[in-house]
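Please find one structure pasted underneath; my questions will follow.
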Amino acid sequence: MNHGLAKRIGRAAAQRTAETAGVALWRRVADQLECAIADGSYPANTRLPGEIEIAQRLGVNRHTVRRALAALAERGFVRAERGSGTYVETRRLRYPIRSRTRFSEIVGAAGREAGGRLLSSVIEEAEPGIARRLGLAPRTRVVRLDILRSVDRVPVSAATTWLSADRAAGAARIYRETRSLTRTLAELGINDFRRQSTWISAAIADPGDAARLRLAPGRPLIVVDSTDVTADGRPILTTRARLAADRIELVIET
């Protein structure tokens, strides 16, 4: 065999061996960290030690740790927050879809803390699809609320809700004070409402939703389009919620 060719084959074989060892090593690091998360050594929302510290503890290089953390993030075990560190993800919330679907009630029943924050609000003309869901004439004025919901202070849902401006002109102010759509509707004189329809699909997080939900761009989202009606069947609000797929699981109850 040509001597130069033999050298090239030898170098290629050595490279493949190194790559195989490297893959095995970062997977072992990922497994060790996953076990530490599973046994409670790092509880939900705990910041993990830095890459350098983990590398020193485990006797590996920083690149290996970084690759292991990236794999854990892809599987939903950790999340990276720019400028802050890497945190253990909260356990998934079991979220039932039923005729009376109330975010705060569902989260509270699970023994966890519900949060809601109004990101923005505007009065605008309803797009055709939104007008149809609300039973309104095209271009009727509606209130749009952009809301970020959290569980144990971890964001799980970026939602946009539309209500008729004629019936809910003060919705933004009320929600900002109450942080609850149920209480907002109660102050508007609507004490009972139910889910009329729910559509579930999937999407990839765009940069805006990724930033709001503290996700890496391109992570999967569950998209839930829903319409709620009053006791006598009149549409009162419609919502498009983008849910972090790693933090919530939907259960359809019939």
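I'd like the distance separating the alpha-carbon centroids of the range 69-96 and the range 175-242, in whole Å.
After rounding, the separation between the Cα centres reads 23 Å.
If you filter the range 43-131 for GluC sites (Glu not before Pro), then keep DSSP loop positions with at most 15 other Cβ within 10 Å, what is left?
Numbers: sites: 51, 53, 74, 81, 89, 105, 113, 124, 125; in loops: 89, 113.
Of the GluC sites (Glu not before Pro), the ones in loops of the range 43-131 whose Cβ has at most 15 other Cβ atoms within 10 Å are 113.
Mind listing the Cα extents of the chain along all three principal axes, in Å, largest one first?
Here the Cα extents, ordered largest to smallest, are 84, 42, 37 Å.
Here's something else I'd like to know. In 5 Å bins starting at zero, report the fraction of Cα pairs in the range 70-155 per bin as a rounded %.
All Cα pairs considered, the percentages come to 3, 11, 13, 14, 16, 16, 11, 10, 5, 1.
Nearest 10 degrees, 0 to 90: what angle lies between the long axis of helix 62-74 and the longest principal axis of the chain (Cα atoms)?
Value to nearest ten degrees: 30.
Follow-up. Rg and Dmax in Å for the range 138-211, alpha carbons only: what are they?
Calculated on Cα positions, Rg and Dmax stand at 14.1, 39 Å.
Can you tell me the equivalent ellipsoid semi-axes for the range 25-109? Use √(5λ) from the Cα gyration tensor, largest first, whole Å.
Values: eigenvalues 199, 29, 24 Å².
Over the Cα atoms of the range 25-109, the ellipsoid semi-axes are 32, 12, 11 Å.
Given the -39500 (n - 2.57) contribution per DSSP H run of 4+ residues, what per-residue ellipticity at 222 nm results for the chain, rounded to the nearest 500 deg cm²/dmol?
Dividing the helical sum by the residues of the chain leaves -11500 deg cm²/dmol.
Counting only other residues whose beta carbon sits under 12 Å from that of residue 204, what net charge do I get with K and R as +1, D and E as -1? Let's see the in-between values first.
Working: positive: 219, 242; negative: 206, 209.
The answer is 0.
Let me know the charge dipole size of the range 131-254 about its Cα centre in debye, to the nearest 20, where only the beta-carbon of Lys, Arg (+1) and Asp, Glu (-1) is charged. Show your work: numbers first, answer last.
Values: 21 positive and 14 negative charges, 75 e Å.
Roughly 360 debye for the range 131-254.
While we're here: For the range 41-141, with every protein chain kept in place, what is the accessible area per residue (1.4 Å probe, Å²)?
Working: 5960 Å² over 101 residues.
It amounts to 59 Å² per residue over the range 41-141.
Using Cα pairs under 8 angstrom and six or more residues apart, how large is the relative contact order of the chain, in percent?
Across the chain, relative contact order equals 17 percent.
Ignoring ligands, DNA and RNA, what percent of the accessible area of the chain is carbon or sulfur (1.4 Å)? All intermediate terms of the calculation are to be shown ahead of the outcome.
On the way: 6950 of 13810 Å².
C and S fraction of accessible area: 50 percent.
Which Cα, out of 122, 104, 137, lies furthest along the positive dipole direction of the range 98-140 (beta carbon charges, K/R +1, D/E -1)?
The Cα lying farthest towards the positive end belongs to 104.
Note the angle between two axes, namely the Cα long axis of helix 3-38 and the longest principal axis of the Cα atoms of the chain, as a number of degrees from 0 to 90, rounded to the nearest 10.
Between the helix axis and the principal axis of the chain, the angle is about 50 degrees.
Starting from the 7 Å offset along Cα-to-Cβ, what nm value, one decimal, do you get for the label separation of residue 253 and residue 109?
According to this spin-label approximation, the distance is 0.3 nm.
Let me ask another. Compare 204, 147, 37 by solvent-accessible area with a 1.4 Å probe and give them largest first, with all protein chains kept in place. Each step should come with its number before you reach the end.
Values: 204 110, 147 0, 37 30 Å².
Solvent-accessible surface, decreasing: 204, 37, 147.
Next question, about the same structure. Using 0.36 nm per residue of separation minus the Cα-Cα distance, give me the extension gain between residue 211 and residue 74 in nm, one decimal.
Values: separation 137, 0.36 × 137 = 49.32 nm, distance 1.62 nm.
Gain in length upon complete extension: 47.7 nm.
Starting from the Kirkwood Rh over alpha-carbon pairs, what translational D in µm² s⁻¹ does the range 106-254 have by Stokes-Einstein at 4 °C and 1.567 mPa s? List each step's numbers first, then the result.
On the way: Rh = 15.9 Å.
Value of D from the Cα-based Kirkwood radius: 81 µm²/s.
The values are calculated or read from the model by the stated rules, or taken from the named source; none is laboratory data. Keep in mind it's a predicted model, so treat the numbers as computed, not measured. A quick note on method: Cβ atoms are made from the backbone with ideal geometry, for glycine too, and the neighbour counts reach across all protein chains shown. Quick note on the areas: whole protein, heavy atoms, side chains included, nothing else; ligands and nucleic acids left out. Shrake-Rupley method; radii C 1.70, N 1.55, O 1.52, S 1.80 Å.
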